[in-house]
Amino acid sequence: MARVIVVGAGVVGLSCALRLQQAGHRVDVLARDLPLETTSAVAAAIWYPYRAFPYERVTAWSGTTYHELERLAADPDTGVRMVEGTELHRRRTSDPWWRAAVPTLTRVTAMPPPYVDGWSFRTPVVEMPVYLRWLSKALVGAGGSITRMALNGLPDRAEVVVNASGLGSRLIAGDPSVMPVRGQVLYVEQFGLDRWWLDAEGPTYIVPRSHDVVVGGTDEEGEWSRTPDAHTAAQILERAAVLVPEVARARVLRHKVGLRPARPQVRLEEERRPSGTGGVERVVHCYGHGGAGITLSWGCADEVVSLVGPA
Ligand SMILES: Cc1cc2nc3c(=O)[nH]c(=O)nc-3n(C[C@H](O)[C@H](O)[C@H](O)COP(=O)(O)OP(=O)(O)OC[C@H]3O[C@@H](n4cnc5c(N)ncnc54)[C@H](O)[C@@H]3O)c2cc1C
């Protein structure tokens, strides 16, 4: 049985860790932030390919993830549900580039101004705190481990390391091309919403969960502040109320900010380098998922397993 160290306990690290374990590897996760403290815990989180490249690989990974999340939605303990929703546009738009990744997409024919185009589809909505707990429990329950450890570089004494450190790859993989794209959201009380809504301009989205509704958002490139800004929150609410007017009257429960790990392209590849024991260490990098870490998670995890190879 090969021992694999996974660096990172966000959705990407945990999905890779679980798939590697299911393939027969012994897996230990090391992470500075534990699952509920990660960017992944802040995500809305709807299956939607957003700010992740290249399109062709992203569409394939997204398609795989869609089907796996749909399968997981059969178990309420996972925190995954299939939810209908609508994306609206202010100008005529052709089908989305990721069209092949969803089974059905229906053009909307009637919509309120200022919208003139849009489509509806059924997609997984993931309640991240529940889902991250479920992933962690599955991993640890089958003999894996998750240990808090802040690293200055990738471990150099393991046979195989999977680097799923997101934005942390700037430091531990020395990759300055990973940049934060700041996203601010509000959580408001659940006011009976059972569909998600999205206006890609803004970006503005409203995602219903069991006990609250996530209202977003922003995408501020190169911004590092994790402190919610009151003026930005007011603007988000104003934009969201155009899509769903009830949002303006809903009680605000809390504010959150997350830094999306954006990169010109997702880095999913193997690197071989000298190990600290005189041999060769294999590192499989899997980071830079931008605004789509949940959407790409299982597709990427499968590819990581095929790069790591048999146990
Ligand atoms: C507001 C917001 C809304 C979003 N909505 C969606 C959505 O609806 N759908 C979707 O698919 N995506 C969404 N995203 C994007 C998604 O959250 C990210 O793509 C995803 O969380 C990236 O996951 P990750 O596991 O790569 O990184 P992270 O969740 O950031 O995890 C990285 C891990 O690496 C660890 N690490 C980093 N540096 C070190 C170090 N030096 N030593 C040890 N460990 C380290 C961290 O501690 C952490 O455990 C959203 C993001 C934001 C901010």
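Values computed for the structure shown
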| item | result |
| --- | --- |
| The range 104-148, residues that are more than 25 Å from Gly258 (Cα to Cα), touching a helix residue (DSSP H, G or I) at 6+ places or on another chain (Cβ under 7 Å) and either β-branched (Val, Ile, Thr) or open to solvent by 40 Å² or more (accessible area, probe 1.4 Å) (or both) | Ala142 |
| Residue within the range 225-237 that is crowded, with 16+ Cβ neighbours inside 10 Å, out of contact with any helix residue (DSSP H, G or I) (no Cβ under 7 Å at 6 or more places or on another chain) and within 28 Å of Cys16 (Cα to Cα) present | no |
| Any hit, the range 175-186, residues being farther than 30 Å from Val29 by Cβ, within 15 Å of the ligand (Cβ to nearest atom) and part of a strand (DSSP E or B) | yes |
| Residue within the range 209-225 that is in a helix (DSSP H, G or I), within 14 Å of the ligand (Cβ to nearest atom), within 21 Å of the chain's Cα centre (by Cα) and among the aromatic types (Phe, Trp, Tyr) present | no |
| Residues of the range 238-283 satisfying the condition of being within 16 Å of the ligand (Cβ to nearest atom), open to solvent by less than 20 Å² (accessible area, probe 1.4 Å) and more than 29 Å from Leu88 (Cβ to Cβ) | Leu268, Val283 |
| Whichever residue in the range 23-47 is in contact (Cβ under 8 Å) with a residue 40 or more places away in the chain and in a helix (DSSP H, G or I) and, among such residues, is nearest to the chain's Cα centre (by Cα) | Ser40 |
| Set Arg195, Arg209: member being in contact (Cβ under 8 Å) with a residue 60 or more places away in the chain, surrounded by fewer than 16 Cβ atoms within 10 Å (Cβ to Cβ) and closer than 14 Å to Ala44 by Cβ | Arg195 |
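The values are calculated or read from the model by the stated rules, or taken from the named source; none is laboratory data. Just so it is clear, the structure is predicted and the values come from calculations on it, not from any experiment. Positions of Cβ are backbone-derived with ideal geometry, glycine not excepted, and every protein chain shown enters the neighbour counts. Keep in mind that these areas ignore ligands, DNA and RNA; they rest on the heavy atoms of the full protein, side chains included. Shrake-Rupley method; radii C 1.70, N 1.55, O 1.52, S 1.80 Å.
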